[in-house]
Amino acid sequence: MQENEADREARLRELASKLFFTLTARARASPYRDVDVSKSVRHDGLTLDAAEEILNTWKLRGPHGG
C-alpha cells in the first residue's frame, strides 16, 4: 500500500517533532532545529524525499545529532 502525500507529511512532522525539528511544508519542506545544537540547523526548499533523508540521518545519530 502506497502512502499518500498528506499521510507522508504527517509522518515526517511526527518524526521531526521527536528530533526537536520544526517542519514547515508548503510546496517544499524546510526542517529547522534550534534545540540541543550549538548553532541552528535549517534546510530550506527540500522535497519530501530530501527532508525525510535528513530527518532519518538525525534519527540514526540520536537526539543530539552527534
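What are the residues in the range 1-46 that are assigned to a loop (DSSP other than H, G, I, E, B) and aromatic (Phe, Trp, Tyr), if any? The one that is assigned to a loop (DSSP other than H, G, I, E, B) and aromatic (Phe, Trp, Tyr): Phe20.
For beta carbons closer than 7 Å, sequence separation of 6+ or different chains, a first residue in the range 8-26 that is without any contact (Cβ under 8 Å) to a residue 12 or more places away in the chain and a second that is open to solvent by 60 Å² or more (accessible area, probe 1.4 Å), the qualifying pairs are Thr22/Tyr32. Going through (1) open to solvent by 40 Å² or more (accessible area, probe 1.4 Å); (2) at negative phi one by one, Ile54 falls short only on (1).
Is there a residue being polar (S, T, N, Q) and either at pLDDT below 85 or open to solvent by less than 40 Å² (accessible area, probe 1.4 Å) (or both) anywhere in the range 19-34? Scanning the range 19-34 turns up at least one residue that is polar (S, T, N, Q) and either at pLDDT below 85 or open to solvent by less than 40 Å² (accessible area, probe 1.4 Å) (or both).
The values are calculated or read from the model by the stated rules, or taken from the named source; none is laboratory data. Note that the structure is predicted; figures quoted are calculated from it, not measured. So basically every Cβ, Gly included, is an ideal-geometry build from the backbone, and we count neighbours across all protein chains shown. Each accessible area value is taken on the protein alone, full model and side chains, heavy atoms only, with ligands, DNA and RNA left out. Shrake-Rupley method; radii C 1.70, N 1.55, O 1.52, S 1.80 Å.
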